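Enquirer: Sharing a structure below in structure tokens format, with a few things to ask.
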Amino acid sequence: MTVVYQTLFGKIVHQDSLDYMRESIADESTDLIFTSPPFGLVRKKDYGNVAAHVYVEWFREFGLEFKRILKDSGSLVIDIGGSWIPGQPTRSLYHFELLIMLCRELGFHLAQEFYWLNPARLPSPAEWVTIRRVRVKDAIDPVWWLSKTPWPRANNRRVLAPYSDSMKALLKNGYKAKARPSGHDISENFSIDNGASIPPNLLVFPNTESNSGYQRYCKENKLKVHPARFPSQLPEFFIRMLTDTGDNVLDPFGGSCVTGEVCERLVRNWTCCEIVDEYVKGAIGRFAGVEPGQTRRADPQQYKISNPASRWNGTGSENPKRLPKDGGQRRAQGKTKPAKGK
Ligand SMILES: C[S@@+](CC[C@H](N)C(=O)[O-])C[C@H]1O[C@@H](n2cnc3c(N)ncnc32)[C@H](O)[C@@H]1O
């Protein structure tokens with residue numbers, strides 16, 4: 001094992017995490033595994049992606065180790081983006097197959113599925129989305145929350161969201177208890193002001209970090225900034241809801257060690273394991289020279305999601321064309337790749 005950096009609460013390990021877990025992590029010792037593994041891609045990126053069609057096989061060995069090291073009360077949370085079938089506008093099923101394998105073969109329970117919406121994601125793949133216009137932009141990652149038993153430790157009071165304007169108005173003006181058309185009987189309790197609302201399983205966090213201490217450190221030290229970082233709010237949501245201070249958190253595909261940075265601030269013991277030397281060196285920049293426990297929290301932002309079909313009334317002149325008979329199989333005449341930035 002190579003521990004390359006140690007902080008008050010955690011460590012960065014430069015090693016294949018499968019070997020690290022086998023050699024160094026005891027059975028039933030971990031409260032939370034939070035991770036974003038290399039996604040299964042049809043085109044290889046440069047951070048160790050595995051082809052979608054062999055992904056589940058590749059992941060099985062990791063899944064077995066995750067099961068062994070988790071406590072019965074623990075959780076495994078996997079942020080996993082989808083991918084497209086090469087050459088056609090349809091999706092790979094690999095991330096669903098992964099979920100089925102982990103539950104059906106390895107015995108994990110699906111505690112809940114979450115979806116992380118990154119409103120800042122660029123429209124892609126350009127060919128289907130911006131050129132042929134036959135798909136919409138792919139802006140969510142599924143996040144599978146799995147557990148060893150049906151009863152992982154959790155508390156949603158740790159992740160409450162501000163009330164929406166309509167809920168605030170309702171609390172102010174009062175609510176008449178009655179049955180909803182859906183059949184739900186809304187009681188008087190609905191109008192009690194609890195100070196905040198229970199969030200849904202759609203998590204909206206923009207991935208827009210542009211001038212962080214981590215990025216400046218990489219630049220100053222001529223290191224490559226990790227190309228697939230998640231925003232700190234994503235691990236923070238699950239670390240807060242699923243662990244207490246002093247609990248043990250592992251990110252086996254640590255990348256730039258966002259998980260470690262959040263754990264350090266929230267006083268959880270953490271280990272980030274990363275196989276690529278340059279990413280490990282960059283990850284150190286999240287902690288070097290930073291006072292223990294003093295990493296900055298991302299500013300909370302509110303997002304309003306527009307009704308996506310509200311721009312067109314179905315008959316107007318804005319969109320007179322008929323749907324393409326061939327489903328977009330051929331590019332429309334005169335359609336070329338858009339200029340950069342369009
Ligand atoms: C999607 S990235 C994680 C990014 C990270 N969540 C962040 O925000 O910086 C996946 C990482 O897993 C690393 N990786 C792939 N296979 C690994 C292995 N067997 N052991 C440790 N790290 C691995 C890759 O090098 C890559 O940096």
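Enquirer: Give me the pairs, please: first residue somewhere in segment 76-97 and under 14 Å from V56 (Cα atoms), second residue anywhere and of a type in the set (G, A, S) and modelled with pLDDT of 95 or more, beta-carbon distance under 8 Å, and either six or more positions apart or on two chains.
Expert: I78/S36; I80/S36
Enquirer: Here is a further query. Could you check segment 1-30 and list, in sequence order, the residues that are touching a Ser or Thr at 6+ places or on another chain (Cβ under 8 Å) and without any contact (Cβ under 8 Å) to a residue 24 or more places away in the chain?
Expert: M1, the sole residue that qualifies.
Enquirer: Test each condition in (1) away from the ligand (no atom under 13 Å from the Cβ); (2) on the phi < 0 side of the Ramachandran plot; (3) touching a residue at least 12 places away in the same chain (Cβ under 8 Å) for G195 and report the one that comes out false.
Expert: Among (1) away from the ligand (no atom under 13 Å from the Cβ); (2) on the phi < 0 side of the Ramachandran plot; (3) touching a residue at least 12 places away in the same chain (Cβ under 8 Å), G195 violates only (2).
Enquirer: Further question on the same structure: What do you reckon, is W151 farther than 28 Å from I275 by Cα, part of a loop (DSSP other than H, G, I, E, B), in the same structural domain as V225 (by TED's automatic domain parsing) and out of contact with any helix residue (DSSP H, G or I) (no Cβ under 8 Å at 6 or more places or on another chain)?
Expert: Considered against the rule, which asks whether it is farther than 28 Å from I275 by Cα, part of a loop (DSSP other than H, G, I, E, B), in the same structural domain as V225 (by TED's automatic domain parsing) and out of contact with any helix residue (DSSP H, G or I) (no Cβ under 8 Å at 6 or more places or on another chain), W151 comes out as yes.
Enquirer: Go through (1) surrounded by 15 or more Cβ atoms within 10 Å (Cβ to Cβ); (2) within 22 Å of P235 (Cβ to Cβ); (3) in contact (Cβ under 8 Å) with a residue 24 or more places away in the chain for V134 and report which single condition fails.
Expert: (2)
Enquirer: Additional query: Do the conditions hold for F253, that is, is it surrounded by 17 or more Cβ atoms within 10 Å (Cβ to Cβ), more than 19 Å from S29 (Cα to Cα) and in contact with a strand residue (DSSP E or B) (Cβ under 8 Å, 6 or more places away or on another chain)?
Expert: It is false that F253 is surrounded by 17 or more Cβ atoms within 10 Å (Cβ to Cβ), more than 19 Å from S29 (Cα to Cα) and in contact with a strand residue (DSSP E or B) (Cβ under 8 Å, 6 or more places away or on another chain).
Enquirer: Do we have A228 as outside the structural domain of S147 (by TED's automatic domain parsing) and either of a type in the set (G, A, S) or modelled with pLDDT under 95 (or both) here?
Expert: The answer is no for A228.
Enquirer: What residue, among those in segment 254-278 that are more than 10 Å from the ligand (Cβ to nearest atom) and not in a helix (DSSP H, G or I), is farthest from F9 (Cα to Cα)?
Expert: Filtering first and then ranking leaves T271.
Enquirer: So, in segment 10-24, exactly how many residues are surrounded by 20 or more Cβ atoms within 10 Å (Cβ to Cβ) and more than 13 Å from the ligand (Cβ to nearest atom)?
Expert: 1
Enquirer: Let me ask something else. How about segment 230-253: which of its residues are more than 21 Å from S210 (Cβ to Cβ), in a loop (DSSP other than H, G, I, E, B) and within 16 Å of the ligand (Cβ to nearest atom)?
Expert: Hits for segment 230-253 are P252, F253.
Enquirer: Also, I was wondering about something else. Restricting attention to segment 99-153, which residues are among the basic types (K, R) and on the phi < 0 side of the Ramachandran plot?
Expert: Those that are among the basic types (K, R) and on the phi < 0 side of the Ramachandran plot: R104, R121, R132, R135, K137, K148, R153.
Enquirer: When W58 is evaluated against the numbered criteria (1) in contact with a strand residue (DSSP E or B) (Cβ under 6 Å, 6 or more places away or on another chain); (2) of a type outside the set (G, A, S); (3) modelled with pLDDT of 95 or more; (4) surrounded by fewer than 20 Cβ atoms within 10 Å (Cβ to Cβ), which criterion, by number, is the only one it fails?
Expert: All conditions pass for W58, except number (3).
The values are calculated or read from the model by the stated rules, or taken from the named source; none is laboratory data. These figures come from a predicted structure and were not determined experimentally. Don't worry about glycine lacking a Cβ; one is built from the backbone with ideal geometry, like all the others, and counts go over all protein chains shown.
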